[in-house]
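Data first, discussion second: the structure below is written as structure tokens.
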Amino acid sequence: MKKFNNKIGQSRLRQKNEEQKTRKVINMAVFRKIGVLTSGGDAPGMNACVKAVVNKAISLGIEVIGVNGGYAGLIQGDLIPLTHNHVNNIVSKGGTVLYSSRCPEFKTEEGISRAVETCKKNHIDALICIGGDGTFRGATDMTLHGIPSIGLPGTIDNDITATDYTIGLDTCINTATRFIDQLCDTCESHARLNVVEVMGRDCGQVALYAAIASGAVAVAVPEVPFDEAAAIEKIRKLRASGKRSMIVVVSEGVFNPDGSKYGPTLTKKIEAETGVECKFACLAHVVRGGDPTVRDRVTATEMAVRAVELLVQGKSNLVMCELDGEIHPVDISFALIADRMYKNKLKDGDLEKFTSEEVAAMEALREKRTAEINRLYQVAQDVSF
Ligand code: ADP
Ligand code: F6P
């Protein structure tokens, strides 16, 4: 694994050298003010990021400007200077005190120009952008337009291939499990089965962790073909053997062939074919709220502190990643293409600007993630009785 991390390290070095040829290195003496924003779907732990950015930056003599509402706030100039007092007592809170948005306008040249203009007008030298892959694309755009930016992975989905962990996952799976446990109580009383849909977009990790933690009898995720007939047969046998309450977890990224949601369909099929009374519950956004766990607060804090340090050292276009328990910066373009490779969505020419070592590092990440999903799926299968 050390070898694997070295490959990423080498690729970063090479990319850094290239970047230095094409962009002005920040003069540390004039680096006085940074902006921080939260963007895309909110995630528990985003506030811990904001607090750590503010406190670390101030300790280095840098002012921090909070951008309200993600890239939309950057376009509109919705800013608030942040002091220690502003971020007091937010580390324990869910959501994001800076608010969030999805901002299609930012994807346009005009939107980016207006965002850059806001930074220039307000003397914001650099940005820390907390969110998912869309947010990192925005961070790259800002860097390319002269505002060095670093991303922090804040999303419950854990769907960034370059990092083992994204801030918010732990809180999300604990919340999902707590609600499933409650469904289980009432299922036990009424001898019912509950199909539960959880978020996660294209990534089944939230569903897998929640299924294992709640003792689900089956789990359906986008990454692994779901053997519906085998699951229904198992449920029939379990009921015949006297099992009263049962849970089936379905990731929101699993669909019927016509594009409709699979969870409600599966619920009806199980009831029709086994005679077990079935209910369907979609946990939806409830798993995105709530006070962050210690894991999310600590990871958020460590990543944010490192991000501020790196910005001050003149580094940018990076996303902070956790690899085998350690925090490393990874080039955003590497991270985004690694994502595409993992999702089989590579476009012609995507790999051209990467060295063979970098491509090998991406392949290693793809294999690692695939193995992790398969391992979790197998564990869920092994205990589903
Ligand atoms: P997440 O960051 O959680 O993946 P989104 O994909 O919705 O969430 O992205 C958040 C925001 O990032 C978008 O609303 C948009 O403002 C910005 N963004 C997304 N994709 C791009 C892109 N290709 N170029 C520039 N900005 C983008
Ligand atoms: O990316 C986080 C996430 O919660 C996904 O799990 C989900 O698919 C999506 O965001 C929901 O987005 P919205 O809040 O816009 O409904």
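What follows draws every value from the coordinates through simple rules; no lab data is involved. Because the structure is a prediction, the values reported are computed rather than measured. Note that each Cβ is placed from the backbone with ideal geometry, even for glycine, and that neighbours are counted across all protein chains shown.
Restricting to segment 272-302, and then to whatever is farther than 30 Å from Glu233 by Cα and among the acidic types (Asp, Glu), can you tell me which residue is farthest from ligand 2 (Cβ to nearest atom)? The extreme case among them is Glu302. Within segment 171-190, identify whether any single residue is away from ligand 1 (no atom under 16 Å from the Cβ) and assigned to a strand (DSSP E or B), and answer yes or no. No, there is no match, as no residue in segment 171-190 is away from ligand 1 (no atom under 16 Å from the Cβ) and assigned to a strand (DSSP E or B).
Give the residues of segment 95-143 that are touching a Ser or Thr at 6+ places or on another chain (Cβ under 6 Å), farther than 30 Å from Val286 by Cα and not aliphatic (A, V, I, L, M), sorted by residue number. Selection gives Thr143 alone. One residue stands out among those in segment 104-117 that are of a type outside the set (Gly, Ala, Ser) and buried (at least 21 other Cβ atoms within 10 Å of the Cβ): the one that is farthest from ligand 2 (Cβ to nearest atom), which is Ile112.
This table checks each residue for (1) among the charged types (D, E, K, R); (2) more than 14 Å from ligand 1 (Cβ to nearest atom); (3) over 18 Å from Gly289 (Cα atoms); (4) crowded, with 24+ Cβ neighbours inside 10 Å.
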residue	(1), (2), (3), (4)
Phe31	no, yes, yes, no
Gly35	no, yes, yes, yes
Met46	no, no, no, yes
Thr83	no, yes, yes, no
Gly94	no, yes, no, no
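Kindly check whether there is at least one residue in segment 270-291 that is away from ligand 1 (no atom under 16 Å from the Cβ) and hydroxyl-bearing (Ser, Thr, Tyr). Yes: one or more hits. I'd like to know if segment 160-180 contains one or more residues that are away from ligand 2 (no atom under 16 Å from the Cβ), in contact with a strand residue (DSSP E or B) (Cβ under 9 Å, 6 or more places away or on another chain) and under 21 Å from Val286 (Cβ atoms). The answer is yes, given that some residue of segment 160-180 is away from ligand 2 (no atom under 16 Å from the Cβ), in contact with a strand residue (DSSP E or B) (Cβ under 9 Å, 6 or more places away or on another chain) and under 21 Å from Val286 (Cβ atoms). When you go through (1) closer than 20 Å to Phe136 by Cα; (2) within 16 Å of ligand 2 (Cβ to nearest atom) one by one for Gln76, which number turns out not to apply? Condition (2) is where Gln76 drops out.
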